[in-house]
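This report concerns only the one structure given below.
The values are calculated or read from the model by the stated rules, or taken from the named source; none is laboratory data. Remember, predicted model here, so these are calculated numbers, not experimental data. Cβ: placed from backbone, ideal geometry, glycine included. Neighbour counts: every protein chain shown. Ligands, DNA and RNA are excluded from the accessible area calculation, which covers all protein heavy atoms including side chains. Shrake-Rupley method; radii C 1.70, N 1.55, O 1.52, S 1.80 Å.
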Amino acid sequence: MTEQEAFHHISPGHVARLKERIAAAASLAGRRPEEITLLAVSKRQSAEAIAEALRLGISQFGENYVAEAEEKQQALAIFPG
């Protein structure tokens, strides 16, 4: 599965496992999980794939190009924040 395909197949279980790993790593570092931000890379991802990630509770995304970020922000304007 390519990186792009993996983003399209994100599931609630996958997000839960990521958050568990973040919590474990935070604990090892003596930090609280709330201090850690999960940042999804949305480069080359469709607005639909990003919308699915938003529905699953991922709210922070990284984009390489401002123009692509602006297009996706417009397409996802129905989501608060």
Checklist outcome for this item: Those residues of segment 60-72 which are touching a helix residue (DSSP H, G or I) at 6+ places or on another chain (Cβ under 9 Å) and either over 21 Å from Ile22 (Cβ atoms) or at pLDDT below 90 (or both) amount to Glu63, Glu71, Lys72
Checklist entry - Any idea which residue in segment 72-81 is surrounded by the most Cβ atoms within 10 Å (Cβ to Cβ), counting only those that are assigned to a helix (DSSP H, G or I) and free of Cβ contacts under 8 Å to residues at least 24 places away in the same chain? => result Gln73
Checklist entry - From the set of residues in segment 7-35 that are at pLDDT 95 or above and in a loop (DSSP other than H, G, I, E, B), which is farthest from the chain's Cα centre (by Cα)? => result Gly30
Item to check | Tally of residues being open to solvent by 100 Å² or more (accessible area, probe 1.4 Å), of a type outside the set (Asp, Glu) and over 17 Å from His14 (Cβ atoms) across segment 34-65 | outcome: 2
